[in-house]
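In what follows, a structure is listed as structure tokens, so that the remarks can point back to it.
Readers should treat all values here as calculations from the given coordinates under stated rules, not as data from a laboratory. Given the structure is predicted, the values throughout are model-derived calculations rather than measurements. We place every Cβ from the backbone using ideal geometry, glycine too, and count neighbours over all the protein chains shown.
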Amino acid sequence: MKALLTCERNKYQCQSKSATHGHIKARPLLTMASPLAVIGFLGWSATVCDAQSLNQSEPATITVELAQAPVPAAQTAPHLIEDKDRELAIIAGLVVMGEKGRGDFVSHVNDALDSGARRQEIVELMATLSQCSGSPTAVNAIAAATKVFDARDASGKLHPGEADFIPGDAPVSEGNDARFINAQKTIQKVYPAGPNDDTYSRVRRIAPDFTRNFLTFFYNDLFLHPGLDLKTRELGIFASLASMGNVPLQLRWHTYGALNNGWTSEQLGELIHDLEPYIGYANAFQAALIVHDVVEERSHETLGSSAQQIGAPPESSTVDHAILVVHQASPRLISAIDQHAFTDLAPGKYFDQKERTLLSLSALITQGTANDLLRIEIRNALDSGLTESDIRELIKVVSKVAGGAVSSQAEAMVTAVVSERNKP
């Protein structure tokens with residue numbers, strides 16, 4: 001297979017031509033030091049066959065022979081998360097989806113139990129998630145889980161210890177003041193530095209009773225209820241918030257919580273990859289960005305100085321930066337996203353390249369939370385021959401389904417991308 005690598009001011013776009021299918025696949029522009037660095041990032045090994053110009057101040061076209069690179073070690077390494085923990089986390093991601101997650105729910109409850117989870121652990125996890133997506137999703141999930149339990153009882157498909165139950169309650173009888181003190185102690189275990197950002201400070205100031213009550217219920221009554229350890233609760237909360245995709249501030253804090261209670265960034269990256277088939281690559285991409293940012297913040301101890309910015313992308317964030325940091329946070333995920341979002345744009349049986357780009361744009365606009373991927377797809381759309389007017393017309397159509405809020409956000413994103421492309 002051969003490819004043309006078009007270079008302009010240290011930005012490179014690779015177009016590969018399959019010898020067997022004869023179609024062109026275009027990759028997004030990437031800012032890197034050398035053309036071969038781009039080829040390596042895109043997952044190929046390359047040999048330069050011809051170059052019109054290697055003066056990086058001028059446009060250049062480089063022809064290279066491409067060979068698929070070996071599968072990265074991250075894709076062949078043993079799993080970093082035990083099956084039981086993975087299944088519990090996937091259940092958490094499905095619970096907060098409500099009816100959308102029901103199709104896969106039963107099989108993963110069975111898989112969790114077959115992997116050594118106890119029924120009480122599953123129920124405790126769902127109860128904890130009532131403070132993430134609301135009590136309706138938790139109540140419905142617990143009721144659905146009991147049907148799985150009943151079916152296993154009827155079939156005699158119980159594993160040893162599956163139905164073991166740890167009795168007791170959270171420390172709720174000591175009075176409200178004691179409950180709140182217990183909650184504060186739990187918070188210190190989850191994230192000693194917070195939550196202390198501007199959002200939570202404002203809520204505490206304007207609604208002190210609400211703040212005290214929800215913190216007490218969440219971190220005393222639910223977190224300290226017997227049946228599930230703190231480490232597993234935090235993994236489940238992380239998975240649920242990643243699945244929701246619309247609460248980056250809370251996902252950031254509970255990324256801290258997961259890392260502070262025994263999970264590693266590599267494990268979270270693997271979990272995001274495993275969640276992607278259920279929560280979608282857009283939510284997975286955003287979650288990986290947040291994990292990377294939290295790891296960076298922890299390494300530089302910048303949380304206190306930048307707390308007011310938590311939940312928002314850095315001002316210097318770019319498309320290229322987003323792709324690279326997600327690759328660092330979850331190497332296996334970027335491969336999956338790459339297949340879905342970037343390389344599969346060749347003409348197919350039913351849709352041509354422009355139509356596929358429009359479909360992808362429509363989904364991202366409707367979702368309204370994956371701004372980094374939306375920016376990428378707007379650039380891809382313009383590169384594929386769509387005009388700014390085409391994209392804005394699409395936004396108007398989508399707004400009838402998704403609403404004016406997300407369409408306004410998408411309009412602003414188009415303006416930003418066009419402005420970026422027009423810079424000299």
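When the trypsin sites (Lys or Arg not before Pro) in segment 149-184 are filtered for DSSP coil states and for at most 14 other beta-carbon atoms within 10 Å of their beta-carbon, the remaining sites are 157. A quarter of the convex hull surface defined by the alpha-carbon atoms of segment 83-244 gives 10.0 nm² as the mean projection.
Applying a DSSP loop filter and a limit of 14 other Cβ atoms within 10 Å to the GluC sites (Glu not before Pro) in segment 82-151 leaves 82.
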